[in-house]
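Peer 1: Can you read through this structure? Questions will come right after.
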Amino acid sequence: MKYRLLREPKRIHKAFTDKFVQSYSEFVDSHSEWISSLKMEFNEEYYSKMYMWERIIDDAHVISFVDALELLKGKSGEVLFLTEPPNELIGDFSKLNNKNVYAAASTAQELAECIVHEWFTKYELFEQGCYLVDPILPDEVYVFDESLS
């Protein structure tokens, strides 16, 4: 897959999280029952280490993997994508996902083809008790266009 690393990944990441990810206080307000059931202290440090999809805004339109892939295949032109910023809970398994760079651009078609290839290769290898070594994409990828939609 051909991709272009973006020059201002932190700005793009911030724009994405500002639009789609709950702030710490919003998350605490909307998940107070779950937080009170935890057997450990929930604080901003723990919150910052959660996957972005765990902190997504409540009114986000969540669709299945298959529907998301079909939507991506139907797009023309370039799309942007983010990976999770690395941390000790999530790890750092992607060539794109290092401490400085975690945003890139690709054509929608190439990204869709890469996702399909890696998804099915991972599945086939897993059935054989093996793992895909050195994938291009991490398990969590957030895809959007310039307008953040």
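The values are calculated or read from the model by the stated rules, or taken from the named source; none is laboratory data. Computed from a predicted model, the values in this text were never measured in an experiment. Because the Cβ atoms are built from the backbone with ideal geometry, glycine has one as well, and the counts that use them run over all protein chains shown. The accessibility values were calculated without ligands, DNA or RNA, using every heavy atom of the protein model including side chains. Shrake-Rupley method; radii C 1.70, N 1.55, O 1.52, S 1.80 Å.
Peer 1: Would you please name the residue that is farthest from residue 55 (Cα to Cα), looking only at residues in the range 14-26 that are open to solvent by less than 70 Å² (accessible area, probe 1.4 Å) and under 18 Å from the mean Cα position of the chain (by Cα)?
Peer 2: Only one residue fits best here, namely 15.
Peer 1: Would it be correct to say that residue 75 is of a type outside the set (Gly, Ala, Ser), surrounded by 11 or more Cβ atoms within 10 Å (Cβ to Cβ) and in a loop (DSSP other than H, G, I, E, B)?
Peer 2: Spelling it out, residue 75 is indeed of a type outside the set (Gly, Ala, Ser), surrounded by 11 or more Cβ atoms within 10 Å (Cβ to Cβ) and in a loop (DSSP other than H, G, I, E, B).
Peer 1: Continuing with this model, one more query. Would you please name the residue that is most open to solvent (accessible area, probe 1.4 Å), looking only at residues in the range 128-149 that are under 15 Å from the mean Cα position of the chain (by Cα) and closer than 15 Å to residue 75 by Cβ?
Peer 2: 149
Peer 1: Output the residues belonging to the range 14-36 that are touching a Lys or Arg at 6+ places or on another chain (Cβ under 7 Å) and part of a helix (DSSP H, G or I).
Peer 2: Matches in the range 14-36: 27 only.
Peer 1: Considering every residue within the range 46-67, establish whether at least one is outside any strand (DSSP E or B), of a type in the set (Gly, Ala, Ser), touching a residue at least 60 places away in the same chain (Cβ under 8 Å) and within 25 Å of residue 110 (Cβ to Cβ).
Peer 2: Looking through the range 46-67, none of the residues is outside any strand (DSSP E or B), of a type in the set (Gly, Ala, Ser), touching a residue at least 60 places away in the same chain (Cβ under 8 Å) and within 25 Å of residue 110 (Cβ to Cβ).
Peer 1: Turning to a different aspect of this structure: Would it be correct to say that residue 66 is β-branched (Val, Ile, Thr) and over 14 Å from the mean Cα position of the chain (by Cα)?
Peer 2: Spelling it out, residue 66 is indeed β-branched (Val, Ile, Thr) and over 14 Å from the mean Cα position of the chain (by Cα).
Peer 1: Please verify whether residue 11 is exposed (fewer than 15 other Cβ atoms within 10 Å of the Cβ), without any contact (Cβ under 8 Å) to a residue 24 or more places away in the chain and not acidic (Asp, Glu), treating the condition exactly as stated.
Peer 2: So residue 11 fits the description; yes.
Peer 1: Continuing with the same structure: Before we move on, is residue 46 within 16 Å of the chain's Cα centre (by Cα), open to solvent by 40 Å² or more (accessible area, probe 1.4 Å) and not β-branched (Val, Ile, Thr)?
Peer 2: The answer is no for residue 46.
Peer 1: Among (1) part of a loop (DSSP other than H, G, I, E, B); (2) open to solvent by less than 70 Å² (accessible area, probe 1.4 Å), which single condition is residue 41 missing?
Peer 2: Every condition holds for residue 41 apart from (2).
Peer 1: What is the residue count in the range 49-72 for residues that are surrounded by fewer than 17 Cβ atoms within 10 Å (Cβ to Cβ) and among the basic types (Lys, Arg)?
Peer 2: Qualifying residue count for the region: 1.
Peer 1: Let me ask something additional. So, in the range 89-127, how many residues would count as being open to solvent by less than 30 Å² (accessible area, probe 1.4 Å), at pLDDT below 85 and at negative phi?
Peer 2: 5
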